[in-house]
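Take a look at the structure set out below.
Only the coordinates and a few stated rules stand behind these numbers; no lab work does. Being a predicted model, the structure only gives us computed values, none of them experimental. With ideal geometry, Cβ positions are generated from the backbone for all residues, glycine too; neighbour counts draw on all protein chains shown.
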Amino acid sequence: MRKILLAAVLAASGAAPLFAETPVPQEAAPAMAETPFSAPVSAPSVKPPHLIALSGFEKGEKSDHMMAWLGRGQETARFVAADVEAEIYRQTPKAQVLSIECEAEPETELSLLLEGEPGAEEDGRGLVTGMVATFPLIVTLRDEAGAIWRLRTSLAYDAQNLRKPAERKVGAEFKVLGHRKL
């Protein structure tokens, strides 16, 4: 499958790096207790009208407690929207993000440090040391000429050193997988 950069899709200049480091707060990693899920219907935007419509994030309700391990806050939909918006504006400054839809439950892969017991891996016991969470997203935006585009994208977070919050590293990779002009 070929990768399409947003800048190429919208005929903007400059290529984007495929992997960017995200600053991580230095507080301790959250406990694994479940947090109530409440998907906002909109997220704040850095551009007028200062709102991005959000939908579909309730599909990730089962794994929402794990998203707190990323150190990006408790409201998954809002931090995903902020990260998508920042990347789109970095690549295409005059665009306007209108909406973001989470198409399906995010895929998660965990790295475990087993506690040394035979069979611990089969029982699912161990300490989580890393996580990759990939969100399948549909982003609707307006380009500088006023055309509306729908982009099929993915945003993947890669979190490492989760057992040591001071050493936790979180990276994000944003990909445009397909597009169409509306």
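Some points to look at:
- Full extension of the chain segment joining V46 with K62 gains 2.8 nm, where the gain is 0.36 nm per residue of separation less the Cα-Cα distance.
- Rounded to whole Hz, the Karplus (6.51, -1.76, 1.60) HN-Hα couplings of the range 101-106, x for glycine and proline: 10, 8, 6, 7, 4, x
- Summarising the amide proton neighbourhood of G178: residues at separation of 5 or more, or on other chains, whose placed amide H is nearer than 5 Å comprise R152.
- Converting phi to 3J(HN,Hα) with the Karplus coefficients 6.51, -1.76 and 1.60 and the offset θ = phi - 60°, the range 75-87 yields 9, 3, 4, 5, 6, 5, 4, 5, 5, 5, 4, 4, 5 Hz in sequence order, with x at every glycine or proline.
- The Cβ shell under 11 Å around Q96 holds other residues with a net charge of 0, Lys and Arg each +1, Asp and Glu each -1.
- Close amide H pairs (under 5 Å, H built 1.01 Å from N) link L98 with T140, L141, R142, residues at least 5 positions away or on another chain.
- Among the listed pairs K94/K175; K62/K181; K62/K94, those beyond 30 Å (Cα-Cα): K62/K181; K62/K94
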